[in-house]
Protein chains: 2
Amino acid sequence: MEKTYTRNIPLAKAYRLLNHGPTILVTSSHAGKQNIMAAAWNVPLDFDPPKIIVVIDKKTYTRELIEASGTFAINIPCVAQLEQVYKVGTSSGRDLKDTDKFALHGLETFPAREIDVPLLKGCVGWLECRIIPEPHNQDTYDLFIAEVVAAYADERVFSQDDNGQYHWHFEGYDQEMYDKLRTIHHVAGGSFFATGEVHQAGHTA
Amino acid sequence: MEKTYTRNIPLAKAYRLLNHGPTILVTSSHAGKQNIMAAAWNVPLDFDPPKIIVVIDKKTYTRELIEASGTFAINIPCVAQLEQVYKVGTSSGRDLKDTDKFALHGLETFPAREIDVPLLKGCVGWLECRIIPEPHNQDTYDLFIAEVVAAYADERVFSQDDNGQYHWHFEGYDQEMYDKLRTIHHVAGGSFFATGEVHQAGHTA
(Lines give C-alpha, C1' and ligand atoms only; values in the text may rest on other atoms or scores of the structure.)
Protein backbone atom coordinates (compact mmCIF):
# COMPACT_ATOMS: atom_id res chain seq x y z
CA MET A 1 0.00 0.00 0.00
CA GLU A 2 1.50 3.20 -1.24
CA LYS A 3 0.05 5.84 1.00
CA THR A 4 1.39 6.41 4.49
CA TYR A 5 -2.03 6.79 6.09
CA THR A 6 -3.56 3.78 4.32
CA ARG A 7 -4.38 0.93 6.68
CA ASN A 8 -5.95 -2.46 6.17
CA ILE A 9 -9.57 -2.84 7.39
CA PRO A 10 -10.85 -6.24 8.58
CA LEU A 11 -13.26 -7.59 5.95
CA ALA A 12 -16.12 -7.95 8.47
CA LYS A 13 -15.95 -4.18 9.04
CA ALA A 14 -15.69 -3.18 5.38
CA TYR A 15 -19.44 -2.39 5.12
CA ARG A 16 -18.87 0.53 7.47
CA LEU A 17 -16.95 2.32 4.75
CA LEU A 18 -20.17 2.56 2.70
CA ASN A 19 -22.85 2.48 5.42
CA HIS A 20 -23.39 6.26 5.41
CA GLY A 21 -24.04 6.39 1.66
CA PRO A 22 -21.06 8.19 0.10
CA THR A 23 -20.62 8.72 -3.62
CA ILE A 24 -17.84 6.49 -4.93
CA LEU A 25 -15.48 6.13 -7.87
CA VAL A 26 -15.38 2.74 -9.60
CA THR A 27 -12.03 1.79 -11.09
CA SER A 28 -11.66 -1.06 -13.57
CA SER A 29 -9.11 -2.70 -15.83
CA HIS A 30 -9.06 -5.36 -18.54
CA ALA A 31 -6.57 -6.36 -21.24
CA GLY A 32 -4.40 -3.26 -20.90
CA LYS A 33 -7.31 -0.81 -20.67
CA GLN A 34 -8.37 0.94 -17.49
CA ASN A 35 -11.14 3.35 -16.53
CA ILE A 36 -12.71 5.28 -13.67
CA MET A 37 -16.31 6.48 -13.23
CA ALA A 38 -18.41 8.08 -10.49
CA ALA A 39 -21.28 6.08 -8.95
CA ALA A 40 -23.69 7.49 -6.40
CA TRP A 41 -25.75 4.29 -6.46
CA ASN A 42 -23.93 1.88 -4.21
CA VAL A 43 -24.89 0.13 -0.97
CA PRO A 44 -23.65 -2.60 1.38
CA LEU A 45 -25.50 -5.92 1.01
CA ASP A 46 -23.95 -8.18 3.65
CA PHE A 47 -21.51 -8.13 6.55
CA ASP A 48 -19.23 -11.18 6.48
CA PRO A 49 -18.15 -12.13 3.93
CA PRO A 50 -18.90 -8.56 2.88
CA LYS A 51 -20.97 -8.01 -0.22
CA ILE A 52 -21.90 -4.75 -1.89
CA ILE A 53 -24.18 -3.55 -4.69
CA VAL A 54 -23.29 -1.01 -7.33
CA VAL A 55 -25.44 0.13 -10.26
CA ILE A 56 -23.46 0.43 -13.52
CA ASP A 57 -25.26 1.57 -16.65
CA LYS A 58 -24.97 -0.51 -19.83
CA LYS A 59 -23.73 2.50 -21.80
CA THR A 60 -20.61 2.96 -19.68
CA TYR A 61 -17.10 1.89 -20.63
CA THR A 62 -16.66 0.67 -17.06
CA ARG A 63 -19.44 -1.86 -17.70
CA GLU A 64 -17.45 -3.42 -20.57
CA LEU A 65 -14.29 -3.67 -18.48
CA ILE A 66 -15.88 -5.09 -15.31
CA GLU A 67 -17.96 -7.66 -17.20
CA ALA A 68 -14.81 -8.80 -18.98
CA SER A 69 -12.56 -8.93 -15.90
CA GLY A 70 -15.12 -9.84 -13.22
CA THR A 71 -13.53 -7.34 -10.85
CA PHE A 72 -13.61 -3.66 -9.92
CA ALA A 73 -12.55 -1.43 -7.05
CA ILE A 74 -14.56 1.09 -5.08
CA ASN A 75 -12.62 4.24 -4.24
CA ILE A 76 -14.18 6.59 -1.70
CA PRO A 77 -13.26 10.18 -2.58
CA CYS A 78 -13.23 13.20 -0.28
CA VAL A 79 -13.95 16.94 -0.44
CA ALA A 80 -10.38 17.68 -1.59
CA GLN A 81 -11.07 15.62 -4.75
CA LEU A 82 -14.36 17.25 -5.73
CA GLU A 83 -13.13 18.53 -9.08
CA GLN A 84 -11.61 15.15 -9.93
CA VAL A 85 -14.88 13.40 -9.11
CA TYR A 86 -16.81 15.86 -11.24
CA LYS A 87 -14.46 15.44 -14.21
CA VAL A 88 -14.45 11.65 -14.18
CA GLY A 89 -18.21 11.69 -13.61
CA THR A 90 -18.96 13.82 -16.66
CA SER A 91 -16.78 12.18 -19.32
CA SER A 92 -16.51 8.72 -20.86
CA GLY A 93 -13.28 6.74 -21.17
CA ARG A 94 -14.52 4.87 -24.23
CA ASP A 95 -13.73 7.53 -26.82
CA LEU A 96 -10.21 8.32 -25.62
CA LYS A 97 -7.48 7.35 -28.08
CA ASP A 98 -3.96 6.48 -26.89
CA THR A 99 -4.78 7.69 -23.39
CA ASP A 100 -7.28 7.13 -20.56
CA LYS A 101 -9.10 9.18 -17.93
CA PHE A 102 -6.25 8.73 -15.45
CA ALA A 103 -3.66 10.27 -17.79
CA LEU A 104 -6.11 12.87 -19.10
CA HIS A 105 -6.98 14.20 -15.64
CA GLY A 106 -3.59 13.58 -14.00
CA LEU A 107 -4.96 10.95 -11.61
CA GLU A 108 -2.33 9.00 -9.67
CA THR A 109 -2.97 5.39 -8.75
CA PHE A 110 -1.49 2.54 -6.75
CA PRO A 111 -2.00 -1.19 -7.37
CA ALA A 112 -4.74 -3.21 -5.70
CA ARG A 113 -3.69 -6.26 -3.70
CA GLU A 114 -6.15 -9.00 -4.61
CA ILE A 115 -7.31 -7.87 -8.05
CA ASP A 116 -5.66 -6.27 -11.07
CA VAL A 117 -7.27 -2.82 -10.88
CA PRO A 118 -5.73 0.61 -10.17
CA LEU A 119 -6.73 2.39 -6.96
CA LEU A 120 -6.94 6.19 -6.87
CA LYS A 121 -4.52 8.03 -4.60
CA GLY A 122 -5.96 10.73 -2.37
CA CYS A 123 -9.16 8.79 -1.63
CA VAL A 124 -10.01 7.93 1.99
CA GLY A 125 -11.29 4.37 1.50
CA TRP A 126 -10.93 1.50 -0.97
CA LEU A 127 -12.75 -1.82 -1.44
CA GLU A 128 -11.49 -4.45 -3.88
CA CYS A 129 -14.45 -6.35 -5.34
CA ARG A 130 -15.09 -9.58 -7.25
CA ILE A 131 -18.41 -9.76 -9.09
CA ILE A 132 -20.82 -12.53 -8.08
CA PRO A 133 -22.34 -13.30 -11.48
CA GLU A 134 -26.09 -12.61 -11.54
CA PRO A 135 -26.94 -12.23 -15.24
CA HIS A 136 -30.62 -11.46 -14.63
CA ASN A 137 -29.82 -8.58 -12.26
CA GLN A 138 -27.08 -7.26 -14.52
CA ASP A 139 -29.20 -7.38 -17.68
CA THR A 140 -32.51 -6.24 -16.22
CA TYR A 141 -31.44 -3.70 -13.59
CA ASP A 142 -27.76 -2.81 -14.30
CA LEU A 143 -27.31 -4.17 -10.78
CA PHE A 144 -23.97 -5.73 -9.81
CA ILE A 145 -23.45 -7.75 -6.66
CA ALA A 146 -19.85 -8.24 -5.60
CA GLU A 147 -17.86 -9.70 -2.75
CA VAL A 148 -15.34 -7.43 -1.07
CA VAL A 149 -11.97 -9.20 -0.99
CA ALA A 150 -9.80 -6.44 0.51
CA ALA A 151 -10.47 -3.07 2.13
CA TYR A 152 -8.36 -0.14 3.28
CA ALA A 153 -8.93 3.32 4.65
CA ASP A 154 -7.07 6.51 5.50
CA GLU A 155 -6.49 6.07 9.22
CA ARG A 156 -6.80 9.81 9.83
CA VAL A 157 -10.57 9.56 9.18
CA PHE A 158 -11.48 5.86 9.51
CA SER A 159 -10.07 3.81 12.38
CA GLN A 160 -10.85 1.99 15.61
CA ASP A 161 -12.10 4.00 18.57
CA ASP A 162 -11.36 3.27 22.25
CA ASN A 163 -14.04 0.56 22.19
CA GLY A 164 -12.40 -1.18 19.25
CA GLN A 165 -15.17 -0.05 16.86
CA TYR A 166 -14.18 0.96 13.33
CA HIS A 167 -15.87 4.12 12.05
CA TRP A 168 -15.44 7.36 10.13
CA HIS A 169 -14.45 10.43 12.17
CA PHE A 170 -13.98 13.83 10.60
CA GLU A 171 -13.30 15.97 13.61
CA GLY A 172 -10.06 16.84 15.38
CA TYR A 173 -7.39 19.39 16.17
CA ASP A 174 -6.64 20.36 12.57
CA GLN A 175 -10.27 20.79 11.51
CA GLU A 176 -9.35 22.33 8.17
CA MET A 177 -7.54 19.13 7.23
CA TYR A 178 -10.44 16.95 8.40
CA ASP A 179 -12.95 19.02 6.45
CA LYS A 180 -11.01 18.32 3.26
CA LEU A 181 -11.03 14.59 4.04
CA ARG A 182 -14.80 14.36 4.55
CA THR A 183 -16.57 11.93 2.25
CA ILE A 184 -19.09 13.31 -0.25
CA HIS A 185 -22.69 12.60 -1.28
CA HIS A 186 -23.85 13.57 -4.76
CA VAL A 187 -26.92 15.76 -5.09
CA ALA A 188 -27.07 16.57 -8.81
CA GLY A 189 -25.16 18.57 -11.41
CA GLY A 190 -21.80 18.67 -9.65
CA SER A 191 -23.31 19.63 -6.30
CA PHE A 192 -22.30 17.50 -3.32
CA PHE A 193 -22.98 17.37 0.40
CA ALA A 194 -20.00 16.72 2.64
CA THR A 195 -20.57 14.17 5.37
CA GLY A 196 -21.57 16.41 8.27
CA GLU A 197 -21.68 16.69 12.02
CA VAL A 198 -21.92 13.65 14.32
CA HIS A 199 -25.06 13.12 16.43
CA GLN A 200 -25.31 10.42 19.06
CA ALA A 201 -28.69 8.85 19.86
CA GLY A 202 -29.52 6.69 22.84
CA HIS A 203 -28.28 8.90 25.66
CA THR A 204 -31.78 10.10 26.50
CA ALA A 205 -33.53 6.80 25.75
CA MET B 1 -51.32 14.79 2.78
CA GLU B 2 -51.49 15.80 6.39
CA LYS B 3 -48.52 18.03 6.92
CA THR B 4 -48.53 21.64 5.79
CA TYR B 5 -45.01 21.52 4.34
CA THR B 6 -45.50 18.20 2.55
CA ARG B 7 -45.49 18.53 -1.23
CA ASN B 8 -45.81 16.04 -4.04
CA ILE B 9 -42.57 15.22 -5.93
CA PRO B 10 -42.70 14.19 -9.61
CA LEU B 11 -41.91 10.48 -9.83
CA ALA B 12 -39.00 11.03 -12.23
CA LYS B 13 -37.28 13.10 -9.52
CA ALA B 14 -37.99 10.72 -6.63
CA TYR B 15 -34.50 9.14 -6.83
CA ARG B 16 -33.06 12.46 -5.67
CA LEU B 17 -34.59 11.90 -2.25
CA LEU B 18 -32.24 8.92 -1.75
CA ASN B 19 -29.31 9.85 -3.99
CA HIS B 20 -27.15 11.15 -1.14
CA GLY B 21 -27.48 7.94 0.88
CA PRO B 22 -29.61 8.76 3.93
CA THR B 23 -30.68 6.22 6.52
CA ILE B 24 -34.41 5.53 6.19
CA LEU B 25 -37.33 4.11 8.13
CA VAL B 26 -39.38 1.39 6.42
CA THR B 27 -43.07 1.33 7.34
CA SER B 28 -45.29 -1.63 6.55
CA SER B 29 -48.79 -2.96 7.13
CA HIS B 30 -50.72 -6.17 6.55
CA ALA B 31 -53.97 -7.59 7.89
CA GLY B 32 -54.35 -5.06 10.69
CA LYS B 33 -50.71 -5.21 11.80
CA GLN B 34 -48.19 -2.44 11.15
CA ASN B 35 -44.51 -1.93 11.81
CA ILE B 36 -41.55 0.41 11.36
CA MET B 37 -37.83 -0.36 11.16
CA ALA B 38 -34.61 1.50 10.38
CA ALA B 39 -32.67 0.61 7.22
CA ALA B 40 -29.33 2.13 6.33
CA TRP B 41 -29.01 -0.16 3.28
CA ASN B 42 -31.11 1.48 0.59
CA VAL B 43 -30.24 2.90 -2.84
CA PRO B 44 -31.94 4.20 -5.99
CA LEU B 45 -31.94 1.72 -8.88
CA ASP B 46 -33.62 3.57 -11.75
CA PHE B 47 -34.96 7.01 -12.70
CA ASP B 48 -38.30 6.74 -14.49
CA PRO B 49 -40.30 4.80 -13.55
CA PRO B 50 -38.31 5.09 -10.34
CA LYS B 51 -37.06 1.92 -8.71
CA ILE B 52 -35.22 1.51 -5.44
CA ILE B 53 -33.45 -1.24 -3.51
CA VAL B 54 -33.75 -1.90 0.18
CA VAL B 55 -32.13 -4.73 2.16
CA ILE B 56 -34.52 -6.30 4.71
CA ASP B 57 -33.25 -9.13 6.89
CA LYS B 58 -35.23 -12.39 7.07
CA LYS B 59 -35.44 -12.15 10.85
CA THR B 60 -37.37 -8.87 10.84
CA TYR B 61 -41.10 -8.49 11.41
CA THR B 62 -41.12 -5.94 8.58
CA ARG B 63 -40.04 -8.73 6.23
CA GLU B 64 -43.18 -10.76 7.08
CA LEU B 65 -45.45 -7.78 6.53
CA ILE B 66 -43.95 -6.57 3.24
CA GLU B 67 -43.79 -10.05 1.72
CA ALA B 68 -47.47 -10.50 2.61
CA SER B 69 -48.67 -7.10 1.36
CA GLY B 70 -46.21 -6.51 -1.50
CA THR B 71 -45.84 -2.89 -0.42
CA PHE B 72 -43.88 -0.67 1.97
CA ALA B 73 -43.03 2.98 2.43
CA ILE B 74 -39.68 4.67 2.81
CA ASN B 75 -39.72 7.50 5.35
CA ILE B 76 -36.67 9.78 5.41
CA PRO B 77 -36.06 10.97 8.97
CA CYS B 78 -34.17 14.05 10.11
CA VAL B 79 -31.90 15.11 12.97
CA ALA B 80 -34.90 16.10 15.11
CA GLN B 81 -36.04 12.44 15.04
CA LEU B 82 -32.74 10.86 16.04
CA GLU B 83 -34.06 9.28 19.23
CA GLN B 84 -37.12 7.90 17.40
CA VAL B 85 -34.88 6.37 14.73
CA TYR B 86 -32.66 4.80 17.36
CA LYS B 87 -35.62 3.34 19.27
CA VAL B 88 -37.33 1.81 16.24
CA GLY B 89 -33.94 0.60 15.01
CA THR B 90 -33.10 -1.29 18.19
CA SER B 91 -36.40 -3.09 18.91
CA SER B 92 -38.59 -5.61 17.10
CA GLY B 93 -42.31 -5.21 16.53
CA ARG B 94 -42.88 -8.96 16.40
CA ASP B 95 -43.01 -9.57 20.15
CA LEU B 96 -45.36 -6.72 21.03
CA LYS B 97 -48.76 -7.83 22.33
CA ASP B 98 -51.86 -5.64 21.87
CA THR B 99 -49.73 -2.73 20.68
CA ASP B 100 -47.12 -1.86 18.03
CA LYS B 101 -43.98 0.24 17.74
CA PHE B 102 -45.98 3.31 16.73
CA ALA B 103 -48.09 3.26 19.89
CA LEU B 104 -45.15 2.17 22.06
CA HIS B 105 -42.94 5.06 20.99
CA GLY B 106 -45.70 7.64 20.44
CA LEU B 107 -45.11 7.87 16.69
CA GLU B 108 -47.76 9.78 14.75
CA THR B 109 -48.60 8.76 11.21
CA PHE B 110 -50.64 9.84 8.22
CA PRO B 111 -52.04 7.59 5.48
CA ALA B 112 -50.19 6.85 2.24
CA ARG B 113 -51.96 7.67 -1.01
CA GLU B 114 -51.32 4.69 -3.32
CA ILE B 115 -50.70 1.93 -0.80
CA ASP B 116 -52.15 0.92 2.56
CA VAL B 117 -49.17 1.76 4.78
CA PRO B 118 -48.76 4.42 7.50
CA LEU B 119 -46.28 7.26 6.88
CA LEU B 120 -44.36 8.78 9.79
CA LYS B 121 -45.03 12.42 10.61
CA GLY B 122 -42.01 14.64 11.16
CA CYS B 123 -39.96 13.01 8.40
CA VAL B 124 -38.71 15.13 5.49
CA GLY B 125 -39.34 12.71 2.60
CA TRP B 126 -41.57 9.73 1.80
CA LEU B 127 -41.62 7.19 -1.04
CA GLU B 128 -44.51 4.75 -1.45
CA CYS B 129 -43.20 1.47 -2.91
CA ARG B 130 -44.60 -1.64 -4.58
CA ILE B 131 -42.32 -4.68 -4.55
CA ILE B 132 -41.23 -6.09 -7.92
CA PRO B 133 -41.14 -9.80 -7.02
CA GLU B 134 -37.64 -11.25 -7.41
CA PRO B 135 -37.67 -14.41 -5.27
CA HIS B 136 -34.01 -15.28 -5.93
CA ASN B 137 -32.80 -11.86 -4.75
CA GLN B 138 -35.13 -11.88 -1.77
CA ASP B 139 -34.17 -15.39 -0.66
CA THR B 140 -30.45 -15.26 -1.39
CA TYR B 141 -29.56 -11.66 -0.56
CA ASP B 142 -32.49 -10.19 1.46
CA LEU B 143 -32.59 -7.75 -1.45
CA PHE B 144 -35.91 -6.12 -2.36
CA ILE B 145 -36.47 -4.20 -5.58
CA ALA B 146 -39.51 -1.94 -5.63
CA GLU B 147 -41.14 0.62 -7.88
CA VAL B 148 -41.84 4.02 -6.35
CA VAL B 149 -45.51 4.87 -6.95
CA ALA B 150 -45.74 8.16 -5.04
CA ALA B 151 -43.22 10.54 -3.44
CA TYR B 152 -43.43 13.59 -1.21
CA ALA B 153 -41.03 15.85 0.62
CA ASP B 154 -40.97 18.66 3.16
CA GLU B 155 -40.72 21.70 0.90
CA ARG B 156 -38.61 23.55 3.46
CA VAL B 157 -35.67 21.25 2.67
CA PHE B 158 -36.47 19.61 -0.70
CA SER B 159 -37.88 21.67 -3.55
CA GLN B 160 -37.21 23.15 -6.98
CA ASP B 161 -34.49 25.75 -7.33
CA ASP B 162 -34.53 28.71 -9.77
CA ASN B 163 -33.47 26.34 -12.56
CA GLY B 164 -36.39 24.02 -11.90
CA GLN B 165 -34.13 21.34 -10.37
CA TYR B 166 -35.39 19.40 -7.37
CA HIS B 167 -32.86 18.93 -4.59
CA TRP B 168 -32.24 18.91 -0.85
CA HIS B 169 -31.19 22.25 0.70
CA PHE B 170 -30.47 22.59 4.40
CA GLU B 171 -29.31 26.17 4.59
CA GLY B 172 -31.28 29.37 5.14
CA TYR B 173 -32.20 32.26 7.39
CA ASP B 174 -33.32 30.12 10.35
CA GLN B 175 -30.27 27.84 10.36
CA GLU B 176 -31.22 26.22 13.65
CA MET B 177 -34.45 24.97 12.08
CA TYR B 178 -32.65 23.71 8.98
CA ASP B 179 -30.06 21.88 11.07
CA LYS B 180 -32.86 19.92 12.76
CA LEU B 181 -34.31 19.01 9.36
CA ARG B 182 -31.06 17.64 7.96
CA THR B 183 -31.22 14.02 6.84
CA ILE B 184 -29.07 11.46 8.68
CA HIS B 185 -26.58 8.74 7.78
CA HIS B 186 -26.03 5.86 10.18
CA VAL B 187 -22.49 5.11 11.31
CA ALA B 188 -22.93 2.41 13.99
CA GLY B 189 -24.34 2.03 17.48
CA GLY B 190 -26.72 4.98 17.45
CA SER B 191 -24.14 7.35 15.98
CA PHE B 192 -25.23 9.29 12.89
CA PHE B 193 -23.76 11.89 10.55
CA ALA B 194 -26.02 14.75 9.57
CA THR B 195 -26.00 15.61 5.87
CA GLY B 196 -23.40 18.39 5.80
CA GLU B 197 -22.21 21.42 3.91
CA VAL B 198 -22.82 21.90 0.16
CA HIS B 199 -19.82 21.93 -2.20
CA GLN B 200 -20.15 22.80 -5.87
CA ALA B 201 -17.76 21.28 -8.40
CA GLY B 202 -17.29 22.37 -11.98
CA HIS B 203 -16.64 26.08 -11.49
CA THR B 204 -12.90 25.67 -11.88
CA ALA B 205 -13.05 22.94 -14.53
Separation of the range A:31-100 and the range A:1-30 by C-alpha centroid, Å? 13 Å
Interface size between chain A and chain B, please: total buried accessible area, 1.4 Å probe, rounded to the nearest 100 Å². 4300 Å²
Which of A:Val148, A:Val124, A:Val187 moves the most in a Gaussian network model of chain A with Cα springs under 10 Å? A:Val187
Relative intensity, log₁₀ I(q)/I(0), of the range B:78-183 from a Debye sum that treats every alpha carbon as a point, q = 0.12, 0.13, 0.18 Å⁻¹: -0.59, -0.69, -1.14
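Can you give me the orientation-averaged projected area of the convex hull built on the Cα atoms of the range A:22-76, in nm²?
3.8 nm²
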Per 0.36 nm of contour for each residue apart, how much would the distance between A:Glu197 and A:Gln175 grow if the chain were fully extended, relative to their Cα-Cα spacing? 6.7 nm
Once ligands and nucleic acids are excluded and a 1.4 Å probe is used, how much of B:His167 is accessible, expressed in Å² to the nearest 10? 50 Å²
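With every protein chain kept in the model, how would you rank A:Arg7, A:Arg113 by accessible area, 1.4 Å probe, largest at the top?
Final ranking, largest accessible area leading: A:Arg113, A:Arg7.
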Modelled label-to-label distance, B:Leu96 and B:Lys33, 7 Å Cα→beta-carbon offset: nm? 1.2 nm
Only protein chains counted, 1.4 angstrom probe. Which residues of the range A:46-68 are at least 10 Å² less accessible in the assembly than when their chain is isolated? A:Phe47, A:Lys51, A:Ile53, A:Val55
What nm value, rounded to one decimal, do you get for the distance between A:Thr140 and B:Asn163 when each label is placed 7 Å out toward the C-beta? 3.6 nm
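So with the 1.4 Å probe, I'd like the accessible area per residue for the range B:6-194, rounded to whole Å².
39 Å²
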Computed magnitude of the charge dipole of chain A (debye, nearest 20; Cβ of K, R +1, Cβ of D, E -1): 340 debye
Partners for A:Lys13 among lysines (Cα-Cα distance below 17 Å; same-chain residues under 8 apart left out): A:Lys51
Could you name the aspartates and glutamates in cross-link range of A:Lys87, using Cα to Cα under 16 Å and dropping any fewer than eight places away on the same chain? A:Asp95, A:Asp100, A:Glu108
With Cβ to Cβ distances under 13 Å as the rule, what net charge do the other residues near B:Ala68 carry (K, R +1; D, E -1)? -1
Highest GNM mean-square fluctuation, chain A, Cα pairs closer than 10 Å: which of A:Gly189, A:Gly70, A:Gly21? A:Gly189
When the Cα atoms of chain A are enclosed in a convex hull and the volume is divided per residue, what value in Å³ results? 141 Å³
Report the one residue of B:Pro44, B:Gly93, B:Tyr15 whose Cα lies farthest in the direction of the positive end of the charge dipole of the range B:6-194 (charges on C-beta: Lys and Arg +1, Asp and Glu -1; origin at the Cα centre). B:Gly93
So what is log10(I(q)/I(0)) for the protein assembly as shown at q = 0.07, 0.11 1/Å, when the Debye sum runs over its Cα atoms only? -0.30, -0.78
Roughly how many Å² of A:Lys51 are accessible to a 1.4 Å probe, to the nearest 10? 40 Å²
Roughly speaking, to the nearest percent, how much of the range B:72-184's 1.4 Å accessible area is carbon and sulfur? 45 percent
If I take every Cα pair under 8 Å that is 6 or more residues apart in chain B, average their sequence separation and divide by the length, what percent do I get for the relative contact order? 25 percent
Burial of 10 Å² or greater, the range B:17-33 residues [accessible area, probe 1.4 Å, versus chain by itself]: B:Asn19, B:His20, B:Gly21
For the range B:1-112, using Cα atoms only, the Rg and Dmax in Å read 14.2, 41
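The values are calculated or read from the model by the stated rules, or taken from the named source; none is laboratory data. Keep in mind it's a predicted model, so treat the numbers as computed, not measured. Every residue, glycine among them, receives a Cβ derived from its backbone with ideal geometry; neighbour counts consider all protein chains shown. For the accessible areas, the whole protein counts, side chains as well, though only heavy atoms, and no ligand, DNA or RNA atoms are used. Shrake-Rupley method; radii C 1.70, N 1.55, O 1.52, S 1.80 Å.
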